[in-house]
Amino acid sequence: MEKVFIFIFIISYSFYEIQSVNVVRPRGIAFERASLYIPDKDFACLDGSFVIPFSFVNDDYCDCPDASDEPGTSACPNGTFHCTNAGHRSLTIPSSRVNDGICDCCDGSDEWGTTKNISPCINTCEELGRAAREEAERVQQMIVAGNEIREQFILKAKEQKTEKQKRISELMNQKIEAESIKNETMVVKEKAEELEKSVLEKYRIIADEKRKQQEELQKVKDQNEAYEAFHDIDTNKNNIIEENEIEGYSTFDQNKDGMVSEDEKDYFMETKKEMNLDEFMLNGWSRLKQLLLTENVETETTEDTIEKDGDGQFEEIEQSDDHPDDDIEHLDSADAVDESQYDEETQLIVEEAKRARESFEEADRKFRDIERKISHLHDSLSKDYGIDDEYATLDGECYELSDHEYVYKLCLFDQITQRSKNGGSEIRLGTWNSWIGEPKYRTMLYDRGQSCWNGPPRSTHVRLSCGLEAALISASEPNRCEYVMDFIVPAACVQFNEKTSTSERGHDEL
Ligand code: MAN
């Protein structure tokens, strides 16, 4: 195949081309690399691997492993093609796109050999370049305007910071005063309570006495019940419970199969043949009570669907209880001192103690309220609001965005939530954590949100960019329960190379 040199002479009036007049370079090579290709010398592959005659450059055969001999053809799979795109931005594309029938470069230079060495592409660089420059100009103007607002934010943040510091020192003074009131009311309360305790002592003794009496009554009632149960079982009235008497007493038939088995008998008799009253009182009664209780519960839960065995001793025991047990029913409340029984003086002392307690609680509440405010202000002062505190005024401000399924709510430096339009409760997508990534102060991380079903806690990245009015402009969920939001705000209107803060710049100028 005949080796052909292909040179491109770029003659145009654009900024790039004025520099390039008379520069000779192989196709697909940028101006700044043209000096590496000298036509009357052999060509050294740029990786230093081979030296080849210059005629091998762009001969559509790949000689250099680094593809440097074929910058203008698609011969090397790893090569790249540079389009000058005069009037717009130059571009470097993979060399596989050269002469593939698709116009990748706006100047059409990548399709030089598609149709008889004439590019099928229309040069759109001027038009695209103009649009790109207009867009760049628009963005630049927005950054300048936004930056002015940003400066105002910074000033406001400074004022707010000073205000917060002032507020903290005011609150510190209030805290001292509140603490002394709290201590005073505490002393008054303790004294009043001491007095209250001493005057209530006699009522407490009475209540104690009443409780003891009621316990005594309960004991007597229990013994009577035991005594009656014993005589119910002891049908031959010889004061001894014998095996045949157990067999005839249905409560011992625990599985209700119509007979009292050996095991059921042994549960009560513990393998003994008989039981006298003393033994019954000591051990037997408590075991019988257990059976009665179970029987009772079963009867209740089956709602009388199981017919009770004929003799119904349990009911008899209940019915045969003729002690007046009104007092016993009130046993639980007997511990409490009955206020209505206080004499007038005691009543006054109790009321005074109540007032003293309320005053102390009020003073304590005020004190803790001040402490909480101080700590809240300290928290806010220690938050990172950007290099110049430019985001400080946004703390707590909320912005919503609605898509077809959810309403998202971003409350800056606080939390993010998601509400389904089909109802249901709000889901927390994260709580403010920190700034992340580079450049700094462009991405916020909100994490520790509500746990995903069978997954991690929800978290959100909020990407900030320049806009003249703060707004949440997008919300998506690229991975399940991992959300990404875009938020525009004037505080982000700063050139990336303007990395130094205004305060730092101030120092430099000094
Ligand atoms: C909710 C929403 C979704 C999320 C699922 C995960 O429906 O929070 O964003 O993907 O829960 O189960």
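Given a 1.4 Å probe and heavy atoms of the protein chains only, how would you sort 161, 202, largest accessible area at the top? Write down the numbers at each step before the final one.
Values: 161 80, 202 105 Å².
The residues order as 202, 161, largest area first.
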Positive dipole terminus of region 392-505, leading residue within 488, 420, 470 (C-beta point charges):
420
Let's see if you can work this out: charge +1 on each Lys and Arg Cβ, -1 on each Asp and Glu Cβ, no other charges. What is the dipole magnitude of region 163-316 about its Cα centre, in debye to the nearest 20?
1940 debye
Inter-probe distance in nm under a simple model that places probes 7 Å from Cα toward Cβ, at residue 426 and residue 473
2.6 nm
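Within the set 191/366; 221/256; 182/354; 191/212, which residue pairs have Cα atoms separated by over 27 Å? Mind dumping the intermediate values first?
On the way: 191/366 22 Å; 221/256 29 Å; 182/354 16 Å; 191/212 31 Å.
In this structure, 221/256; 191/212 lie more than 27 Å apart at Cα.
I'd like the trypsin sites (Lys or Arg not before Pro) in region 343-382 restricted to DSSP loop residues with at most 11 other Cβ atoms within 10 Å, sorted by number. Before the final figure, lay out each step's value.
Details: sites: 354, 355, 357, 365, 366, 368, 372, 373; in loops: none.
When the trypsin sites (Lys or Arg not before Pro) of region 343-382 are filtered for loop state and at most 11 Cβ neighbours within 10 Å, nothing remains.
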Output wanted: per-residue J couplings in Hz (rounded whole) for region 210-219, from phi through Karplus 6.51 cos²θ - 1.76 cosθ + 1.60, θ = phi - 60°, x for Gly and Pro.
5, 5, 4, 4, 5, 5, 4, 4, 4, 5
Around residue 489, under 13 Å between beta carbons, what's the net of Lys plus Arg minus Asp minus Glu among the other residues?
-2
With a sphere of radius 11 Å drawn around the Cβ of residue 406, what net charge do the other residues whose Cβ falls strictly inside it have (Lys, Arg +1; Asp, Glu -1)?
-2
Give me the net charge of residue 471's neighbourhood, meaning all other residues with Cβ under 11 Å from the Cβ of residue 471; Lys, Arg count +1, Asp, Glu -1.
-3
Once you put a point 7 Å from the Cα of residue 100 and another 7 Å from the Cα of residue 255, both along the Cβ direction, what distance in nm separates them?
8.5 nm
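Quote the FRET efficiency, to the nearest 0.05, computed for residue 263 versus residue 212 with a Förster distance R0 of 60 Å and r equal to the Cβ-Cβ distance. It would help to have the intermediate numbers written out before the result.
On the way: r = 41 Å, r/R0 = 0.68.
Computed FRET efficiency for residue 263 and residue 212 comes out at 0.90.
Looking at region 364-399, which GluC sites (Glu not before Pro) are in a loop (DSSP not H, G, I, E or B) and have at most 15 other Cβ atoms within 10 Å? Don't jump to the answer; show the numbers that get you there.
Numbers: sites: 371, 390, 397; in loops: 390, 397.
Of the GluC sites (Glu not before Pro), the ones in loops of region 364-399 whose Cβ has at most 15 other Cβ atoms within 10 Å are 397.
The values are calculated or read from the model by the stated rules, or taken from the named source; none is laboratory data. Only a predicted model underlies this, so the values are computations on that prediction, with no experimental measurement involved. As a convention, Cβ positions derive from the backbone with ideal geometry for all residues, glycine included, and neighbour counts pool all protein chains shown. Areas reflect the complete protein model, heavy atoms only, side chains present, ligands, DNA and RNA absent. Shrake-Rupley method; radii C 1.70, N 1.55, O 1.52, S 1.80 Å.
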